[in-house]
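All remarks here apply to the structure that follows.
The values are calculated or read from the model by the stated rules, or taken from the named source; none is laboratory data. Owing to the predicted nature of the structure, the values given are computational and were not obtained by experimental measurement. Here Cβ is always computed from backbone atoms with ideal geometry, including for glycine, and neighbour counts include all displayed protein chains. Note: accessible area is taken over every heavy atom of the protein model, side chains too, but ligands, DNA and RNA are not part of it. Shrake-Rupley method; radii C 1.70, N 1.55, O 1.52, S 1.80 Å.
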Amino acid sequence: MTITIAPDQVNQIVGNQHQDPFEILGAHPIQDNGKISHWAVRAYLPNADSVSVIVPAQRQEYPMQSVHNPHFFECIIETAELANYQFRIKEGDHERVMYDPYAFRSPKLTDLDIHLFAEGNHHRIYEKLGAHTLEVNGVKGVYFAVWAPNARNISVLGDFNHWDGRKHQMAKRSNGVWELFIPDLGVGEHYKYEIKNSAGHIYEKSDPYGFQQEPRPKTASIVTDLDTYTWTDQNWMEERRNSDPLTKPISVYECHLGSWLHASASEPAKLPNGDTEPVVIVSELKPGARFLTYR
């Protein structure tokens, strides 16, 4: 097999040091006399023992070979067009089939979005940043985008990749926005961002544009579909529309009840019907204490 990738390029991916992994991973056309005749498909799968590329349109499966690293794989496919291929991955006694995240360049975040965001004039940026269920080229998944201009590299972490930052490395767009579409994910997935600074120090962060979060002491964000949320504030919105808040008095109260008083975790709160409410532990430093409920 002809190798189309250099060792230093592979090392950048393996070391999670490439700010646009799409330049290395995914499918790349090879031209012959000015026409596409072959494709080089590459993948970095840290736990894989063997990988093959499934091309449903051809009903063919192509074995991949390790290149410069035991877990970096490549194969050459002779075809003029290549779309919606999948990987068959063997990891020990386990086998699974998955779409390649680096086969999808998502159109969710446009150049206009980034321009308006840089100006401070994108008033619905929450519709673009964060985690959004999406369908790209007929494949459903979740699109992730986060703004981190001073980060060296960012990855998406979650239950779906065993919280391994090597597996879903994000691509950097202009103005410090990072993005990645991950196929076959959906509502309910728990995730964080693994952020590396210029010195290579790693920080795990929840999503600042996350629409749902785990209750403390856990800190992961949860993929949520805003389009399915049912709002029940119609009466309040109508009253606000027909009133002038600048002519009405206000009252401001502030008290962080969670810091005021705690109860024993061994004595859960009771609902009026007698059911037990879930216990939320204060912190790892006070494992025997729980937050009070509003009741």
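With an 8 Å Cα cut-off and a minimum separation of 6 or more residues, compute the relative contact order for the chain in percent.
12
Just the accessible area per residue of the chain, please: how many Å² with a 1.4 Å probe?
With all protein chains present, the chain gives 60 Å² per residue.
Any chance you could check the Cα centroid distance between segment 154-212 and segment 225-276 for me, in angstrom?
Cα centroid to Cα centroid, the span is 31 Å.
Would you work out the relative contact order for segment 200-274, in percent, from Cα pairs under 8 angstrom that are 6 or more residues apart?
15
Calculate one ³J(HN,Hα) per residue across segment 168-185 by plugging θ = phi - 60° into the Karplus curve 6.51 cos²θ - 1.76 cosθ + 1.60, and present them in order as whole Hz with x for glycine and proline.
10, 7, 8, 9, 8, 9, 5, 6, x, 9, 10, 8, 6, 9, 10, x, 6, 9
Kirkwood hydrodynamic radius of segment 1-42 from all distinct Cα pairs, in Å?
With all distinct Cα pairs of segment 1-42 included, I get 11.4 Å.
With charges only on Cβ, +1 for K and R and -1 for D and E, what is the dipole size of the chain about its Cα centre, in debye, rounded to 20? Numbers along the way, then the final one.
Values: 28 positive and 38 negative charges, 101 e Å.
In total the dipole reaches around 480 debye.
For segment 122-168, what class follows from the C-alpha gyration tensor (a ≥ b ≥ c being the square roots of its eigenvalues): rounded when a/c is under 1.5, otherwise prolate if a/b is larger than b/c, else oblate?
Oblate.
For segment 40-47, in order, what is each residue's ³J(HN,Hα) by Karplus, 6.51 cos²θ - 1.76 cosθ + 1.60 with θ = phi - 60°, in whole Hz (x at glycine and Pro)?
Calculated HN-Hα couplings, in order: 9, 10, 10, 8, 10, 10, x, 9 Hz.
Just add up the charged neighbours of SER264: K/R +1, D/E -1, any other residue whose Cβ is under 13 Å from the Cβ of SER264.
Once positives and negatives cancel, what remains is +1.
Once you keep just the Cα pairs under 8 angstrom separated by 6 or more residues, what percentage relative contact order results for segment 1-79?
Details: 115 pairs, mean separation 23.5, N = 79.
Relative contact order here is 30 percent.
What does a probe at MET98 reach in segment 118-161, counting residues whose amide N is under 17 Å from the point 7 Å along Cα→Cβ?
Under 17 Å, as judged by backbone N against the label point of MET98, lie 139-144, 155-161 of segment 118-161.
Read phi for every residue in segment 188-199 and hand back ³J(HN,Hα) as whole Hz from Karplus 6.51 cos²θ - 1.76 cosθ + 1.60, θ = phi - 60°, with x for Gly and Pro.
Once θ is set to phi - 60°, the couplings for segment 188-199 become x, 5, 8, 8, 9, 10, 8, 10, 10, 8, 4, 8 Hz.
What are the extents of the Cα atoms of the chain along their three principal axes, listed from largest to smallest and rounded to whole Å?
Sorted from largest, the Cα extents of the chain read 76, 48, 41 Å.
Strictly over 31 Å apart at the Cα level, which of LYS108/LYS205; LYS172/LYS218; LYS192/LYS248; LYS172/LYS286 would you flag in this model?
Over 31 Å apart, Cα to Cα: LYS192/LYS248; LYS172/LYS286.
Work out, in µm²/s and without decimals, the Stokes-Einstein translational diffusion coefficient of segment 1-122 at 37 °C, 0.692 mPa s, Rh from Kirkwood over C-alpha pairs.
The diffusion coefficient I find is 207 µm²/s.
Which one of ALA27, HIS262, PHE72 is farthest out on the positive end of the charge dipole of the chain, using unit charges on Cβ (Lys, Arg +1; Asp, Glu -1) and the Cα centre as origin?
The one lying farthest along the dipole's positive direction is HIS262.
Once you put a point 7 Å from the Cα of SER174 and another 7 Å from the Cα of LEU226, both along the Cβ direction, what distance in nm separates them?
In this crude label model, SER174 to LEU226 measures out at 2.4 nm.
What would the Debye formula give as log10 I(q)/I(0) at q = 0.14, 0.17 Å⁻¹ for the alpha-carbon point model of segment 160-250, no solvent?
The Cα Debye sum returns log10 ratios of -0.72, -0.88.
Residues of segment 80-117 with the amide nitrogen closer than 19 Å to a label point 7 Å from the Cα of ASN47, along Cα-to-Cβ, please.
From segment 80-117, the list is 87-102.
What residues have an amide H closer than 5 Å to that of THR79, excluding those fewer than 5 places away on the same chain, when H is modeled at 1.01 Å from N in the peptide plane?
Placed amide hydrogens put HIS38, TRP39 under 5 Å from THR79.
Keeping the other protein chains in place, figure out the carbon and sulfur percent of the accessible area of the chain, with a 1.4 Å probe.
Of the solvent-accessible surface of the chain, carbon and sulfur hold 50 percent.
Under 10 Å, Cα contacts only: if you run a Gaussian network model on the chain, which one of THR79, THR110, THR276 comes out with the highest mean-square fluctuation?
Among THR79, THR110, THR276, the largest GNM mean-square fluctuation belongs to THR276.
Please work out how much accessible surface HIS94 shows to a 1.4 Å probe, ignoring ligands, DNA and RNA, in Å² rounded to 10.
Answer for HIS94: close to 140 Å² accessible.
So what's segment 37-76 giving for Cα Rg divided by 2.2 N^0.38 Å, two decimals?
Working: Rg = 10.4 Å, N = 40, 2.2 N^0.38 = 8.9 Å.
Against the empirical 2.2 N^0.38 Å value, I get 1.17 for segment 37-76.
With a/c under 1.5 counting as rounded, go ahead and sort segment 96-230 into rounded, prolate or oblate using the C-alpha gyration tensor (a ≥ b ≥ c being the square roots of the eigenvalues; past the cut-off, prolate if a/b is larger than b/c, else oblate).
Values: a/c = 1.19, a/b = 1.05, b/c = 1.13.
It comes out rounded by the Cα gyration axes.
Which of LYS140, LYS128, LYS270 moves most in a GNM of the chain, Cα contacts under 10 Å?
Result: LYS270 has the largest fluctuation of those listed.
Highest GNM mean-square fluctuation, the chain, Cα pairs closer than 10 Å: which of ILE281, ILE54, ILE125?
Sorting by GNM fluctuation, first place goes to ILE281.
Between ASN69 and ASN33, what length in nm is gained on full extension when 0.36 nm per residue of separation is reduced by their alpha carbon distance?
Full-extension gain reported as 9.8 nm.
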